[in-house]
Amino acid sequence: MKKHAIIPIFIPHKGCPHDCVFCNQRAITARTADVTPEDVRRIAEQYLSTLEGRGLDETEISFFGGSFTGIPLEEQSAFLAVAKELKDAGRVDKIHLSTRPDYINEEILDNLKAYGADVIELGVQSFDEKVLLLSGRGHGRKEIFDACELIKSYGCFTLGIQLMIGLPGDSYESCIASAKEAAAIGPEIARLYPTVIISDTELCSMYRSGEFVPFSHEEMLRTTTDMYRILTGAGINVIRVGLKSTALISDAEGSSVVGEYHPAFRQLVEGRIAREEIEERLKEIDKAAAGLRTEVVIKAGPDRFSAVIGHKAENKRYFRERFPELMIKYIEDPDIPEQKVSVEAGGI
Ligand code: SF4
């Protein structure tokens with residue numbers, strides 16, 4: 001597995017004219033000092049001093065936070081110049097940034113290309129017009145398709161799509177439709193973000209007034225799991241599922257999470273996928289056992305073993321209750337091919 005490090009540079013989007021209901025950028029930027037190109041250099045040097053010599057395969061400098069290409073072009077260039085210098089010196093391998101679909105045009109992309117930017121992630125969030133409108137995104141589907149097409153037409157950028165789950169107006173069906181539309185566009189990478197309600201946001205007010213009813217935990221897990229399957233099934237690398245706790249706490253100092261937030265959502269999703277795969281096989285074994293105590297061995301390689309067990313061993317618990325007649329043993333076996341799980345009866 002590739003050893004990969006990210007140097008995160010948080011660029012608050014001062015004066016962002018948009019009002020995405022879930023976003024607390026305004027609150028964050030009010031508390032955050034301006035970031036200058038000198039800060040970018042200092043932060044990058046700090047990270048590099050701890051990363052160099054660790055045998056990493058790839059290091060990326062990543063501009064995230066607001067909408068990188070929404071800031072004036074000269075400011076983008078000043079930040080990118082620092083990143084390019086590090087890239088040209090061979091100290092970082094890639095320049096990565098996130099932005100909005102409606103902040104993509106030829107002038108912006110020409111500039112990004114000139115500075116050697118490699119990865120552009122678009123905060124798409126949803127392909128549903130109603131959801132985009134109710135979430136205050138300030139753009140519609142057309143801007144998403146136009147931006148993706150233009151980025152791909154350059155041939156030099158890796159495209160990423162970020163989707164949110166459970167926004168205002170969302171349903172299981174609208175989320176699945178969004179995942180299918182993203183898969184059809186064919187980005188190389190994707191992120192899935194179950195909606196988190198943060199204080200200091202319009203969404204929080206909507207939640208408190210009863211105007212917004214969040215997905216239940218199970219609804220969120222079911223929907224995210226099926227979206228993950230669609231994206232990975234289309235060969236897209238889902239690089240993140242769920243917000244990092246640091247993105248909620250340190251970046252949004254003073255903000256707090258209202259309602260549900262699970263710090264290990266990816267584990268929940270991968271655990272659920274493994275559970276559903278194994279359950280089918282266990283049903284067959286259980287049926288053949290016809291009520292007799294039967295031994296079963298489940299084997300998985302190191303890449304899949306923790307998903308098989310489930311977050312906090314929840315799959316083990318689930319199978320014990322669901323199939324009381326089966327005596328199941330779990331074995332981590334490096335000989336099992338990647339991503340495969342073997343479920344065999346009578347092997348203990
Ligand atoms: S999510 Fe991005 S575009 Fe929307 S309000 Fe926040 S900073 Fe602005």
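Readers should treat all values here as calculations from the given coordinates under stated rules, not as data from a laboratory. Bear in mind that the values here come from a model prediction, so they are computed numbers and not experimental data. FYI the Cβ positions are ideal-geometry reconstructions off the backbone, even for glycines, and counts take in every protein chain you see.
Charge tally around P302: other residues with Cβ under 15 Å, Lys/Arg +1 each, Asp/Glu -1 each, net -3. In summary, the convex hull built on the alpha carbon positions of the chain has an orientation-averaged projected area of 19.3 nm². If one takes the longest principal axis of the Cα atoms in the chain, at what angle in degrees, from 0 to 90 and to the nearest 10, does the Cα axis of helix 265-289 lie? Result, in degrees: 20. The Cβ shell under 11 Å around Y115 holds other residues with a net charge of -1, Lys and Arg each +1, Asp and Glu each -1. Available extension along the chain between A184 and A264 is 26.0 nm, counting 0.36 nm per residue and deducting the alpha carbon span. Counting charges near Q267 (Lys, Arg +1; Asp, Glu -1) among other residues having Cβ under 11 Å from its Cβ returns a value of +1.
How big is the gap, in Å, between the Cα center of segment 281-348 and the Cα center of segment 71-106? With segment 281-348 and segment 71-106 each reduced to a Cα centre, they are spaced 47 Å.
Stretched out straight at 0.36 nm per residue, the stretch from E338 to A33 would grow longer than its current Cα-Cα span by 105.2 nm. Full extension of the chain segment joining N237 with Y318 gains 26.3 nm, where the gain is 0.36 nm per residue of separation less the Cα-Cα distance. So, how do all the Cα-to-Cα distances of segment 47-138 break down into 10 Å bins, in percent, from 0 on up? Percent of Cα pairs in each bin: 15, 42, 26, 13, 3. With respect to the chain, whose longest principal axis is taken over its alpha-carbon atoms, helix 141-154 is tilted by about 80°. Lacking any other cysteine beta-carbon closer than 4.7 Å, the following Cys residues of the chain have no compatible partner: C16, C148, C156, C175, C204. Relative intensity of segment 274-345 on a log10 scale, I(q)/I(0) at q = 0.11, 0.18, 0.28 Å⁻¹, equals -0.23, -0.63, -1.36, per a Debye sum over C-alpha point scatterers of equal strength in the absence of solvent.
Within segment 69-131, the trypsin sites (Lys or Arg not before Pro) that combine a DSSP coil assignment with at most 16 other C-beta atoms in a 10 angstrom radius are R91. Using a cut-off of under 20 Å, list every residue of segment 191-222 whose amide N is near the label point 7 Å from the Cα of S256 along the Cα-to-beta-carbon line. Answer for segment 191-222: 196-210, 214. Expressed to the nearest 5 percent, the antiparallel share of DSSP beta bridges inside segment 194-348 is 50 percent.
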